[in-house]
Amino acid sequence: MTGSARITRILILGGTSEARRLAEALGGRADIAVTVSLAGRTASAPPLPVPVRIGGFGGADGLADYLRAERIDVLIDATHPHAAVISANAAEAARTAGVRLLALRRPAWVPQTGDRWVEVATIDEAVEALGQAPARVFLTLGRNAVRPFAAAPQHIYLIRSVDPVDPPLAVPHATYITARGPFSEAEDRTLMERHRIDLVVAKNSGGEAARGKIDAARALGLPVIMLKQPVLPEGPSVETVEEVLAWLDHAMTFATPRGV
Ligand code: NAP
C-alpha cells in the first residue's frame, strides 16, 4: 500500500458556499470518497456532486460513532462560523474517534474606515441595540434567528432569508424577501435605498458571499448591528478552499499506510 492510499474517505460538514466549492473540487476524484453532511435547515439546497447525508448526528458522541462506522479518514469542518455547536462537536468527535480534523474558517470581517458597527454578542442584545424609536431595519440573520425581534414590534422590518419565515414574525410591519446569495454591494445598496433602511442587523460571517450588505451600509453611511463570531474550538484550520485542497494533497502524500 502506498502512503497516499491511507486517506480515502472524507466527510465535509457543510452548509456554506465554501463546503459546496470544496465538494465540487473533490467530487470528480476517483481516489477519494467524499460525503457532505448538512443539518437540513434549508428546504431548497441545490444539488451537490457528491453523496449528501442530512440531519444531526446526535451530538459529539453520535458524530464519533458515524466517523467510526463510515471509516472516515479526514473530517473537514466547513460549517458557518456562527454554527458553534457543530464545530465543538466536530473537534470532540474527531479526538475521540482518532480522525484527522481540518477546519475551514473564513476570517471575520473587521471594521473599515466609514463603518458604523455596533458589535453585540447575542441576538437579544441586537434587539436591544435597535432602540425604542421606530426604525426601518434590514434583518439578514437567517430565518432561524429572527424570532427574538418580535419583542421590538415598533420597528419596520425588511427580512431576507433563504427559506420563508414561517410562521411570519409577530410584528405589524414586516416585508419578506426569500432569496439565496451571494448579493452584490450594488444590489444591496439599491434594496436598502428602495426600502429607506435606517440600519442593518447582520452576523459577522466573514468571506465574500455575504459582505455586499456591509459594503452597501458603509457606502450609505448606515449603522450595522453586528453579531460577533462565537468562540470556536482550537485546532488546525485554514481560510480558503484552495488551502484545504493543498492540505489534503500534503496529508495524502505523507500519510503512513494503515497498520504501520
Ligand atoms: P449549530 O447550532 O452549530 O448546530 C446545532 C446542531 O445541528 C448540531 O449539534 C448538529 O446536531 C446539527 N448540525 C449542524 N450542522 C450540521 C451539519 N453540517 N451536518 C449535520 N448536522 C449538523 O448549527 P446552526 O447554527 O444551526 O447551523 C446549521 C447549519 O447551517 C450548519 O451546517 C451551518 O454550516 C449552516 N449555516 C449556519 C448559519 C448560521 O448563521 N448559524 C449560516 C449559514 C449556514 P447533532 O448534535 O444532532 O449532531
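The values are calculated or read from the model by the stated rules, or taken from the named source; none is laboratory data. The shown structure was predicted, so the numbers you read here are calculated from the model rather than taken from an experiment. Positions of Cβ are backbone-derived with ideal geometry, glycine not excepted, and every protein chain shown enters the neighbour counts. What goes into the accessible areas is simple: the full protein's heavy atoms, side chains included, and nothing from ligands, DNA or RNA. Shrake-Rupley method; radii C 1.70, N 1.55, O 1.52, S 1.80 Å.
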**Asked** How big is the Rg/Rh ratio for segment 116-227, C-alpha atoms only, Rh by Kirkwood, two decimals?
**Response** 0.91
**Asked** Using helices alone, what [θ] at 222 nm do you get for the chain, with -39,500 (n - 2.57) per DSSP H run of 4 or more residues, divided over all residues and rounded to the nearest 500?
**Response** -8500 deg cm²/dmol
**Prompt:** In segment 1-87, which trypsin sites (Lys or Arg not before Pro) are in a loop and have at most 12 other Cβ atoms within 10 Å, using DSSP for the loop call?
**Reply:** R29, R71
**Item:** Calculated FRET efficiency for the pair T42/A135, C-beta based, R₀ 30 Å, to 0.05
**Value:** 0.55
**Prompt:** If you stretched the chain out fully between A121 and R95, how much longer would it get, using 0.36 nm times the residue separation minus the C-alpha to C-alpha distance?
**Reply:** 6.5 nm
**Fill in**
The set of residues whose placed amide H lies less than 5 Å from the amide H of A103, leaving out same-chain residues fewer than 5 positions away, is D77, S237, V238
**Request:** Show me 227-240, 108-121 ranked by packing, highest mean number of other Cβ atoms within 10 Å first.
**Result:** 227-240, 108-121
**Item:** Peptide ranges 141-148, 203-210 listed from the most packed, as the mean C-beta count within 10 angstrom indicates
**Value:** 203-210, 141-148
**Asked** Near the amide H of Y157, under 5 Å away, which other amide H atoms are found, from residues 5 or more places off or on another chain, if H is placed in the peptide plane?
**Response** V137, H173, A174, T175
**Message:** For segment 92-108 and segment 55-75, what is the centre-to-centre distance using only Cα atoms, to the nearest Å?
**Reply:** 12 Å
**Request:** Can you grab the distance from the C-alpha centre of segment 153-173 to the C-alpha centre of segment 19-37, Å, no decimals?
**Result:** 36 Å
**Asked** Between E128 and T113, 0.36 nm times their residue separation minus their Cα-Cα distance comes to what?
**Response** 2.9 nm
**Prompt:** How big is the charge dipole of the chain about its Cα centre, in debye rounded to the nearest 20, if each Lys and Arg gets +1 on its Cβ and each Asp and Glu gets -1 on its Cβ?
**Reply:** 340 debye
**Asked** What's the FRET efficiency of A30 with R147 using the Cβ-Cβ distance as r and R₀ = 35 Å, to the nearest 0.05?
**Response** 0.15
**Asked** Under 5 Å between amide H atoms, partner at least 5 residues away or on a different chain: which partners does K203 have, H built in plane at 1.01 Å?
**Response** L227
**Of all accessible heavy-atom area on the chain, the percent that carbon and sulfur account for (1.4 Å)** = 53 percent
**Relative contact order of segment 116-227, pairs being alpha-carbon contacts under 8 Å that are 6 or more residues apart, as %** = 34 percent
**Request:** Within the set of other residues whose C-beta is less than 11 Å from the C-beta of A97, count the net charge using Lys and Arg as +1 and Asp and Glu as -1.
**Result:** -1
**Prompt:** What number comes out for the charge environment of T175, summing +1 per Lys or Arg and -1 per Asp or Glu over other residues with Cβ under 12 Å away?
**Reply:** +4
**Item:** Extension reserve of the L220-D163 stretch, reckoned as 0.36 nm per residue once the Cα distance is removed
**Value:** 17.8 nm
**Message:** With viscosity set to 0.692 mPa s at 37 °C, what whole-number translational diffusion coefficient in µm²/s follows for the chain from Stokes-Einstein and a Kirkwood radius over Cα pairs?
**Reply:** 165 µm²/s
**Request:** Find which of I156, G131, P111 sits farthest along the positive direction of the dipole of segment 87-188, computed with +1 on the beta-carbon of Lys and Arg, -1 on that of Asp and Glu, about the Cα centre.
**Result:** P111
**Request:** Measure off 7 Å from each Cα along the Cα-to-Cβ vector at D65 and H195, then give the distance between these two points in nanometres to one decimal.
**Result:** 4.2 nm
**Complete:** Magnitude of the Cβ-charge dipole (Lys and Arg +1, Asp and Glu -1) of segment 116-227 about the Cα centre, nearest 20 debye, reported as 180 debye
**Prompt:** Per residue, how many Å² of accessible area does segment 116-227 show with a 1.4 Å probe?
**Reply:** 46 Å²
